[in-house]
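*Asks:* Okay, here's the structure, questions in a sec.
The values are calculated or read from the model by the stated rules, or taken from the named source; none is laboratory data. These figures come from a predicted structure and were not determined experimentally. Glycine also receives a Cβ, built like all others from the backbone with ideal geometry; neighbour counts cover every protein chain displayed. Surface areas here come from the heavy atoms of the whole protein model, side chains and all, with no ligands, DNA or RNA. Shrake-Rupley method; radii C 1.70, N 1.55, O 1.52, S 1.80 Å.
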Amino acid sequence: MAELKRFPTTVFSQGDEPDARFSLANERTFLAWIRTALALIAGGVALEALGLGIHPGYRLAASTLLILAGIISALQAWAGWARTERALRRSSPLPPAPLSLPLTILLSSVATLILIGILLK
C-alpha cells in the first residue's frame, strides 16, 4: 500500500505516528483557537459598525486591536498546532503557548479603550 502524502510535510515527515487521540485533541485545540480568532474579528467589526455610544477615535482603536488580536490568534493556532504535532511525533515535551500573555495584554487594552471611549462620549 502506498504511503499517503500529508500536508504540511514539515510536520508529518518527522518522527513516528502518535496515538490518534492525542492528534485529535491537538486538532480540537486548533479549532478552538480558530473559533476564538473568528469571534475577535467579528467583535472588532461589530464594535465599529454599531458604534454603541463610544468616542469614535477610541472605538476605531479598540476595533482595530480586536481584529489584530483575531489575526494573531489564527496565526498562533496554526503555529501552535504544528509545534504540538511535531512534539507528539517526536515524543518530546509539549511546547508552551507563547502568545497567551500578549493576547491578554491586547484584550485588556481593548477593554481600557472602550471604557475611556464610553466616559468621553
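*Asks:* Sorted by packing (mean other beta-carbon atoms within 10 Å per residue), highest first, where do 113-119, 27-33 land?
*Replies:* 113-119, 27-33
*Asks:* Further question: When the accessible area of the chain is computed with all protein chains present and a 1.4 Å probe, what percentage of it is carbon and sulfur?
*Replies:* 70
*Asks:* If every alpha-carbon in segment 6-121 counts as one equal scatterer, what log10 I(q)/I(0) does Debye give at q = 0.19, 0.22 1/Å?
*Replies:* Reported log10 I(q)/I(0), two decimals: -0.91, -1.10.
*Asks:* Would you work out the charge dipole size for the chain about its Cα centre, treating the Cβ of every Lys and Arg as +1 and the Cβ of every Asp and Glu as -1, and quote it to the nearest 20 debye?
*Replies:* 120
*Asks:* Label 7 Å along Cα→Cβ of Thr112; segment 52-78 residues with amide nitrogen under 19 Å?
*Replies:* So the set is 55-70.
*Asks:* Which order do the peptides 105-111, 6-12 take when ranked by the mean count of other beta-carbon atoms within 10 Å per residue, highest first?
*Replies:* Peptide ranking by packing, descending: 105-111, 6-12.
*Asks:* Relative contact order for segment 41-112 using alpha-carbon pairs under 8 Å, separation at least 6, rounded to a whole percent?
*Replies:* 35
*Asks:* Mind checking the per residue accessible area of segment 9-121 for me, 1.4 Å probe, whole number of Å²?
*Replies:* 60
*Asks:* With unit charges on the beta carbons (Lys and Arg positive, Asp and Glu negative) and the dipole taken about the Cα centre of segment 45-121, which residue among Leu120, Ala69, Trp81 sits farthest to the positive side?
*Replies:* Positive-most Cα among the choices belongs to Trp81.
*Asks:* Once you keep just the Cα pairs under 8 angstrom separated by 6 or more residues, what percentage relative contact order results for the chain?
*Replies:* Dividing the mean separation by the residue count of the chain yields 35 percent.
*Asks:* Tell me, in nm to one decimal, what length is gained between Leu75 and Ala25 on full extension, where the rule is 0.36 nm per residue of separation less the Cα-Cα distance?
*Replies:* Contour length minus Cα-Cα distance gives 16.1 nm.
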